[in-house]
Amino acid sequence: MHDADALLTGIGAGIALAFARAGAAVVLAARQQSTLDDSKAEILKVVPEARTMTVVADVTDWRASEAAVA
């Protein structure tokens, strides 16, 4: 594990980092913008050319999830 990996929290953040390393564009979703900003910053530290987008959404709420991808 790289040092930067440990700064990311949750399996989703780790998966997003893995996809970014592989060259994929990633969309990060979380309930708080500050969480998204932190995760995005950590990904960009490791993969400066990463294409990232953030969406504030509660993925435990079906309607909020639908609205996030609409």
Fill in: Helical contribution to [θ] at 222 nm, DSSP H n ≥ 4, -39,500 (n - 2.57), averaged over the chain, rounded to 500
-16000 deg cm²/dmol
Worksheet item: How about the range 21-65: which trypsin sites (Lys or Arg not before Pro) there are in a DSSP loop, with at most 16 other Cβ atoms within 10 Å of their Cβ?
Response: R31, R51
Fill in: With every protein chain in place, the chain: carbon and sulfur % of accessible area (1.4 Å)
58
Practice prompt. Subtract the Cα-Cα distance of V46 and A67 from 0.36 nm times their separation in residues, and report this length gain in nm to one decimal.
Written response: 4.6 nm
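Taking every eigenvalue of the Cα gyration tensor of the chain, multiplying by 5 and rooting it, what semi-axes result, largest first, whole Å? It would help to have the intermediate numbers written out before the result.
On the way: eigenvalues 93, 31, 20 Å².
Semi-axes (√(5λ), whole Å): 22, 12, 10.
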Discussion item. Amide H of D58 versus every other amide H placed in the peptide plane: which residues, excluding those fewer than 5 positions away on the same chain, fall under 5 Å?
Written reply: none
Fill in: Per-residue HN-Hα couplings for the range 65-70 [Karplus 6.51, -1.76, 1.60; θ = phi - 60°; Hz; x = Gly/Pro]
5, 4, 5, 5, 9, 6
Discussion item. How much accessible area per residue does the chain have, counting only protein heavy atoms and a probe of 1.4 Å, in square angstrom?
Written reply: 69
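The values are calculated or read from the model by the stated rules, or taken from the named source; none is laboratory data. Note that the structure is predicted; figures quoted are calculated from it, not measured. Note that each Cβ is placed from the backbone with ideal geometry, even for glycine, and that neighbours are counted across all protein chains shown. Accessible surface areas use protein heavy atoms only, side chains included; no ligands, DNA or RNA. Shrake-Rupley method; radii C 1.70, N 1.55, O 1.52, S 1.80 Å.
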